[in-house]
1. Please state the relative contact order of the chain as a whole percent: Cα pairs under 8 Å, 6+ residues apart?
2. Take ILE105 and GLU79, extend 7 Å from each Cα along the Cα→Cβ direction, and tell me the distance between the two endpoints in nm.
3. Within the set LYS6/LYS121; LYS69/LYS140; LYS83/LYS168; LYS122/LYS160; LYS122/LYS159, which residue pairs have Cα atoms separated by over 26 Å?
4. Sum up the charges of everything whose Cβ sits under 12 Å from the Cβ of ASN178, counting Lys and Arg as +1 and Asp and Glu as -1, but leave ASN178 out.
5. If amide hydrogens are placed 1.01 Å from N in the peptide plane, which non-local residues have theirs closer than 5 Å to the one on THR99?
6. Give a residue-ordered list of calculated ³J(HN,Hα) values for the range 135-146 (Karplus: 6.51 cos²θ - 1.76 cosθ + 1.60, θ = phi - 60°; whole Hz; x for Gly, Pro).
7. For the range 112-152, what is the relative contact order in percent, using Cα pairs closer than 8 Å and at least 6 residues apart in sequence?
Amino acid sequence: MNNNMKEIRLSGSGGQGLITAGIILAKAAVIDGYRVTQSQSYGPESRGGASRADVIISKEKFYYPEATKFDVLLALTQEACDKYSPNLEENSILIADTTFVKDIIVQEANIYEIPFTNIAKKELGTALPTNIMSLGFMVKLTKVVTQVSLKKAVQDYVKKQYVDLNTKALKIGFRLANDPAKYSGENSG
């Protein structure tokens, strides 16, 4: 991975909050003083169609605003994993939600398989903050932004009534990153 610039794709399906996660990650990068761009794409369906958010974080100027070769790919669905994992850089990171991702074809990446959605349902009673939990995991693992800036970005961006739930999800994501191997063997179905 390039130490001066990181290309990150957060991918899954509409309704999983990946565009929100991308905006929050970009805000955290700005808080940390990086140059950043965030772009997004989603299918015609507001829920259930393909969805992705790209965030480029850099210490230096960069001239192309969309991620093309990913240093980090977060895939919350099998379709997203299949579609975007071929674009991973060498020595990159793939983070897959094994609640929905059952088959990973890429082998060159550092792969983390965590059942984020199942953990959210079990520990928080809802799958809604899976996006924030997996974002917390990614940030703690990669250190692409600070945990402090990510927490502030979540608190500043999320609607007031959801701040507590998302802050809890963020803390769970940070905790999962302390020992990812412990969770990769959990029942994902």
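Read-outs: derived from the displayed coordinates by stated rules, not from any lab. Quantities reported herein were computed from a predicted structural model and do not represent experimental measurements. We place every Cβ from the backbone using ideal geometry, glycine too, and count neighbours over all the protein chains shown.
1. Normalised by residue count, the contact order of the chain is 21 percent.
2. Distance between the two pseudo-spin positions: 1.6 nm.
3. With Cα atoms farther than 26 Å apart: LYS6/LYS121; LYS83/LYS168.
4. Working: positive: LYS140, LYS171, ARG175, LYS182; negative: ASP179.
So the surrounding residues net to +3.
5. PHE116, THR117, ASN118
6. Going residue by residue, I get 5, x, 4, 4, 5, 5, 5, 9, 6, 5, 9, 7 Hz, with x marking Gly and Pro.
7. Numbers: 20 pairs, mean separation 9.9, N = 41.
The normalised contact order for the range 112-152 reaches 24 percent.
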